[in-house]
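A.B. asks: Take a look at this one; I'll ask things after.
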Amino acid sequence: MSEARAFKHIGQRTIRPDGFDKVTGKANYGADLALPGMIWGAILRSPHAHANIRSINTERAEASSDVLAIATFQDFPSVNDAASAAGTLRKDLIDTAQNILAQDKVLYHGHAVAAVAARTEAAAEAALALIDVDYEVLSPVLSIDAAIAEDAPLLHPQLKTEGLVEPADSPSNIAARMELKKGDIAKGFAEADVIIERSYDTPTVHQGYIEPHATVVNFDHNAPSMIWCPTQGHFDVRARIAQLMNMELGQLKVVASEIGGGFGGKTTVYLEPVALILSKKAGRPVKMVMNREDVFRASGPASASQSTIKLGAKMDGTITAMQATLHYEAGAFKGSPMGPGCMTVFTPYDVEHMYVEGFDVVVNKPKVAAYRAPGAPQSEFAAEMAVNELAAKIGIDPIDLRLKNAAREGTQTIYGPKLKVVGLEACLKAAQQSEHYQSPIADGVGRGLSAGFWFNIGGQSSVIINLNPDGTGSIIEGSPDIGGSRASMQMMAAEVLGIAPGKLNPIVADTEHVAYNQTTGGSRTTFATGMAVIEAAESVVSQLKERAAALWNVTTEQVDFVDGVALNLAGEDSLTLAQICAAAEKTGGQISGTANINARGAGPSFAVHLCDIKVDPETGKTDVVRYTAIQDAGKAIHPSYVEGQFQGGAVQGIGWALNEEYVYNESGVMENAGFLDYRIPLASDLPAIETIIVEVPNSFHPFGVRGVGETGIVPPLAAVGTAVADAIQKPVSSLPCSPPKVLELIMAES
Amino acid sequence: MATLKLSGALAAMAGCEEIEVSATAYRGLLQEIDSILPEWDRAKIESMAFVIDGEIVDEPFLATFERDSELHFIEKIAAG
Amino acid sequence: MKAHVTTRINQESVEFLCEPSETLLRVLRDNLGMTGTKEGCGSGDCGACSVVLDGELVCSCLVLGVEAQGASIETVEGVAASDELHVIQQKFLEHAALQCGVCTPGLIVATKALLAENPSPTEAEARYYLAGNLCRCTGYDKIIKAVMDSAATMREGA
């Protein structure tokens, strides 16, 4: 789809259909449900960052009349079933179970150990003191350096490094190694006139969704047990609980509440299986809500990282070699986003010789969860900082350097495939021509820019469109709406059906009322679920044509359907969609269209961000004075929500770069587990976030859509880091650029 | 003949970075590789995404491709 | 022993029983079923639980339920007149000033309090007044545009 297509609804700024409920307080989020007879669950958490559990004694709790149920690791039937344990039970399922309730070790401060249910929340919390846990405290491992040291305490005595050239014979805190190669890296550096090598690090950060994790579960022996929770993927919650509890999918009904932010952090389960165990034992609905401190200590976060980047280039700006060594913290269990970090690090560049090596390292911190373009912000921060320094060293404009080496259609990526049509050059040119980039830089202000890449994904989506006898209808989808996607679905269906978007009511159905949908994540919803909406709407259109043909007693080929109206090509007649629906009773019953797809061809979305920062030389305090986010959307369905994704990603990245970090004491206790001390950006910290939507259509989507949700968090880290470095005229290598660290750089000898 | 490009551990195991294949469908491709590289980890491969001329296909079971296609296996991308 | 509290919420007389230790937020949400007011932190740092207590913008997680005795409280549920949205609510929708929407009730209440105090805020004044209301989705840009547009529209209507 290369030619510009005229759209009627796509590209408009409609009012979102769920908006009324969300501005009036009527929308129900995770903690908003109460059921008759409901009791409360609470979780006992580890006071140690690393310890063996010698015993968990629940006798005193069992004897208390306040306690209605108790849960421990022993209540996971599938994990404790000897037959499954001996068979094909997947290690990652055991890790999931051990993260939800510790088995024989606690691996981070705040790790869940046991749970109780009682009549009130306060009674449940008080009853936790009746559970006696005997710990053997071990030394915590709190950084990549500490974890990979020769004599490091081992988190998992059985863990051996996967992906080594020679299979590992001894256990290690390095869970996996990955290597990617392209060309001949030694040859690339031999061709270079200039070589730079730099190391960078980024802190542990949290997704920081405003809504804490919460759930209400009602176990039922005779009907599907109901799990209500705010999640990005209720079908995956269902699958995970079924695996953990040895249940059939049909025994579970997961209802996605409205979701108060996720950013990848609500793609897993923490409370839901525990509440199910408690509800089953107590015979009553159980509600559990994390407090903010627990959200920081025991959910999320995103990996801390250490990266070394080596670049080689000719004096004309041709980059000849790019090399990276990337370490990612996985937290307590293996599985950091090291893989995508390696795959994305140099993707904005068409360079012949590349080499990337990555390591997945376990440490005594919470098991990391996905966070918006997982893995990419860390590695691309390092690469883009180094590229900016290279540009300065060669004396070439950083946009010109990127344009000279930019990835484009046909560029061979280091992870395998060649890129299709992508919008990086268009974004770079838009940045170069922007008023922001053309504007002079004020005294005391630094300017930085960065490119960013994320893959985006497709995957499975299922949609049903039902039409009513009066021509209104509903769109039944299964993708939790985390940022306005109901509006996009409505607009895409309206475009195909030729009716006003408001005639269609989009519904995010529970797991029983629509077939499987993959998680809302990977920037897939508007792309893939949108594709299913379009296909279901097209099915409706072909039925409308058949029904009109039946009414006119002509063949379907003699009927056209344009802008919501069927036209009889054999005569003068026309029928609106509503008229055909009104007569549906006579032509075979009411009209529904369904689509069940596994969407292929997700289009990558590149971005370029520009940032101006003022630094106070006496305190190291930073102020973002101007910021512009430029990104390829393929085709923006609802431009306001596309801009919103750019802006939200940019500001999360600004927070990552300037303020946010987990601060641990030497015992492994996070010392800033609250929004006062873990400071996410406030309205008063920021200027307007300017946006430029670039549209280079994705040929695999009928409307040209590329996902836009994740890429926006990739460029800010290096755009901000470079702006700070430019303002203080000192190299920046460590995030966040918090005032004490910036002041230290200012005071350091040049 | 379509070209299957190999990288990382797969290339190390095969001892080469590309294989010419006569198959024109994913299932036929797997069978063909079974006979060329009997020691390869088919279960691992089947857990990966498949790339046909730059188009990423997460569930390639029924996928077909052209005689001159370029093919890759890549890790499935997790989602935030 | 529970305390008996008589108060006014959104111009209606309300009575409730609560533990002396229970917060106003808990009373609103759990005892009275008014879940429009959200809890994001429980420590007064995020503003999701913003309500107006006797004319003053407060975090209801930092107020005890018993402090509502004899007071007048305004929550998000009282901002719209039955089915007609308040200008601020309408502007939040027009400007796409919400994504997930969980911070939105607090921001609507806080914006209403801002514009009651200062009908013509500068953008900087709006940003500082709303600095106690965290939003993680939007980057605040569209929120501030909605607030400034609300202020202009309300001035015209006044």
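A.B. asks: Students often get this wrong: which residues of the range A:340-375 have the backbone nitrogen under 20 Å from the point 7 angstrom along Cα-to-C-beta of A:Ala190?
C.D. replies: The answer is A:351-356, whose backbone nitrogens lie closer than 20 Å to the label point.
A.B. asks: Given the peptides C:38-48, A:430-440, A:61-71, arrange them by the average over their residues of other C-beta atoms within 10 Å, most packed first. Each step should come with its number before you reach the end.
C.D. replies: Values: C:38-48: 24.0, A:430-440: 14.6, A:61-71: 18.3.
Highest to lowest by the protection proxy: C:38-48, A:61-71, A:430-440.
A.B. asks: Here is a follow-up. Note every residue of the range A:675-691 with a reduction of at least 10 square angstrom in accessible area, all protein chains present versus the isolated chain, computed with a 1.4 Å probe, or write none.
C.D. replies: A:Phe675, A:Leu676, A:Ile680, A:Pro681, A:Leu682, A:Ala683, A:Ser684, A:Leu686, A:Pro687, A:Ala688, A:Ile689
A.B. asks: Please compute, for peptide A:642-649, the average count of beta-carbon atoms on other protein chains lying within 10 Å of each residue's beta-carbon. Walk me through the numbers on the way to the answer.
C.D. replies: Numbers: counts 1, 5, 10, 4, 2, 7, 10, 2.
Across A:642-649, the average partner-chain Cβ count within 10 Å equals 5.
A.B. asks: At a threshold of 8 angstrom on Cα-Cα distance, excluding pairs fewer than six apart, so keeping six or more, what relative contact order does chain A reach in percent?
C.D. replies: 15 percent
A.B. asks: Could you tell me which of rounded, prolate or oblate describes the range A:600-672, using a ≥ b ≥ c as the square roots of the eigenvalues of the alpha-carbon gyration tensor, with rounded for a/c under 1.5 and, failing that, prolate when a/b is larger than b/c and oblate otherwise?
C.D. replies: It comes out oblate by the Cα gyration axes.
A.B. asks: Which of the GluC sites (Glu not before Pro) found in the range A:537-633 are in a DSSP loop and have at most 14 neighbouring Cβ atoms, other than their own, within 10 Å?
C.D. replies: Here the GluC sites (Glu not before Pro) that fit, given the DSSP loop and packing criteria, are A:Glu572, A:Glu618.
A.B. asks: Is it possible to state the helix-based mean residue ellipticity at 222 nm for chain A, with each DSSP H run of 4+ residues giving -39500 (n - 2.57), the sum divided by total residues, to the nearest 500 deg cm²/dmol? What is it? Let's see the in-between values first.
C.D. replies: On the way: 22 runs with 210 residues, N = 750.
Value at 222 nm, helices only: -8000 deg cm²/dmol.
A.B. asks: So, one more: Let me make sure I get this right: for the protein assembly as shown, a, b and c are the square roots of the gyration tensor eigenvalues over alpha carbons, sorted descending. Under 1.5 in a/c it's rounded, otherwise prolate if a/b > b/c, else oblate. Which is it?
C.D. replies: Cα axes put the protein assembly as shown in the rounded bin.
A.B. asks: Treating only the Cβ atoms of Lys and Arg (+1) and Asp and Glu (-1) as charged, compute the dipole magnitude of the range C:1-89 about its Cα centre; round to the nearest 20 debye. Intermediate results must be reported in sequence, preceding the final value.
C.D. replies: Working: 5 positive and 14 negative charges, 36 e Å.
My answer is approximately 180 debye.
A.B. asks: Taking amide H positions as placed 1.01 Å from N in the peptide plane, with prolines and chain starts having none, which residues 5 or more places from A:Ile692, or on another chain, fall under 5 Å of its amide H?
C.D. replies: Hits under the 5 Å cutoff: A:Ala629, A:Ile630, A:Gln631.
A.B. asks: With unit charges on the beta carbons (Lys and Arg positive, Asp and Glu negative) and the dipole taken about the Cα centre of chain A, which residue among A:Thr347, A:Gly502, A:Thr628 sits farthest to the positive side?
C.D. replies: Among A:Thr347, A:Gly502, A:Thr628, the one farthest towards the positive end of the dipole of chain A is A:Gly502.
A.B. asks: Which of the GluC sites (Glu not before Pro) found in the range A:226-326 are loop residues per DSSP with 15 or fewer other Cβ atoms within 10 Å of their Cβ?
C.D. replies: Those that pass, being in a loop and sparsely packed, are A:Glu248.
A.B. asks: With a point put 7 Å past each Cα toward its Cβ, work out how far C:Asn31 is from A:Arg5 in nm, to one decimal.
C.D. replies: With each label placed 7 Å out from Cα toward Cβ, I get 5.7 nm.
A.B. asks: Here is a further query. Return the percentage of antiparallel bridges among DSSP beta bridges fully within the protein assembly as shown, rounded to the nearest 5 %.
C.D. replies: Taking every DSSP beta bridge with both residues in the protein assembly as shown, the antiparallel ones total about 75 percent.
A.B. asks: Right, something else. Partner chain Cβ atoms within 10 Å, averaged over the residues of A:482-491 - can you pull that number for me?
C.D. replies: So the per-residue partner count for this stretch is 2.
A.B. asks: Do the sum for chain B: with -39,500 (n - 2.57) for every DSSP H run of n ≥ 4, divided by all residues, what is the mean residue ellipticity at 222 nm, to the nearest 500 deg cm²/dmol?
C.D. replies: Numbers: 3 runs with 23 residues, N = 80.
So the helix-based figure for chain B works out to -7500 deg cm²/dmol.
A.B. asks: Compute the relative contact order of chain C as a whole-number percentage, counting only Cα pairs closer than 8 Å that sit 6 or more residues apart in sequence.
C.D. replies: Working: 279 pairs, mean separation 36.9, N = 158.
Reported relative contact order: 23 percent.
A.B. asks: I would also like to ask the following. Using a 7 Å offset from Cα along Cα-Cβ at A:Ser542, what residues in the range A:591-608 end up with backbone N under 11 Å from the label point?
C.D. replies: What the label zone holds, given the 11 Å backbone N cut-off, is A:594.
A.B. asks: Next up: What's the magnitude of the charge dipole for the range C:87-157 around its Cα centre, counting Lys and Arg as +1 and Asp and Glu as -1 at the beta-carbon? Answer in Debye, nearest 20.
C.D. replies: Roughly 180 debye, rounded to the nearest 20.
A.B. asks: Quick check on chain C: helices-only [θ] at 222 nm, where DSSP H runs of length 4 and up contribute -39,500 (n - 2.57) each and the sum goes over total residues. Nearest 500, please.
C.D. replies: Working: 4 runs with 46 residues, N = 158.
Calculated from helices alone, the mean residue ellipticity at 222 nm is -9000 deg cm²/dmol.
A.B. asks: Just to verify a number: what accessible area does C:Met154 come out at with the full protein assembly present, 1.4 Å probe, Å² rounded to tens?
C.D. replies: It works out to around 60 Å².
A.B. asks: Quick one, could you list the DSSP H helices from chain A stretching 30 Å or more along their long axis (Cα atoms) with average Kyte-Doolittle hydropathy of 0.0 or above? Intermediate values should be presented prior to the final figure.
C.D. replies: Values: long enough: A:530-552 (33 Å, 0.53).
For chain A, where a helix must reach 30 Å along its axis and average at least 0.0, the hits are A:530-552.
A.B. asks: Given charges of +1 on the Cβ of Lys and Arg and -1 on the Cβ of Asp and Glu, with all other atoms neutral, how large is the dipole of the protein assembly as shown about its Cα centre, in debye to the nearest 20?
C.D. replies: For the protein assembly as shown, the charge dipole is close to 720 debye.
A.B. asks: Evaluate peptide C:123-135: per residue, the Cβ atoms of other protein chains within 10 Å of its Cβ; return the mean as an integer. Write out the running numbers ahead of the final one.
C.D. replies: Values: counts 3, 2, 1, 2, 6, 3, 2, 3, 4, 3, 3, 8, 8.
Neighbouring Cβ atoms belonging to other protein chains average 4 per residue here.
A.B. asks: If packing is taken as the average count of other Cβ atoms within 10 Å, what order do A:115-128, B:16-29 fall into, highest mean first?
C.D. replies: Order by mean packing, descending: A:115-128, B:16-29.
A.B. asks: With point charges of +1 on the Cβ of Lys and Arg and -1 on the Cβ of Asp and Glu, referenced to the Cα centre of chain A, which listed residue (A:Leu142, A:Ala382, A:Met38) lies farthest in the positive direction of the dipole?
C.D. replies: A:Met38
The values are calculated or read from the model by the stated rules, or taken from the named source; none is laboratory data. Just so it is clear, the structure is predicted and the values come from calculations on it, not from any experiment. Positions of Cβ are backbone-derived with ideal geometry, glycine not excepted, and every protein chain shown enters the neighbour counts. For accessibility, only protein heavy atoms count, side chains too; no ligands or nucleic acids. Shrake-Rupley method; radii C 1.70, N 1.55, O 1.52, S 1.80 Å.
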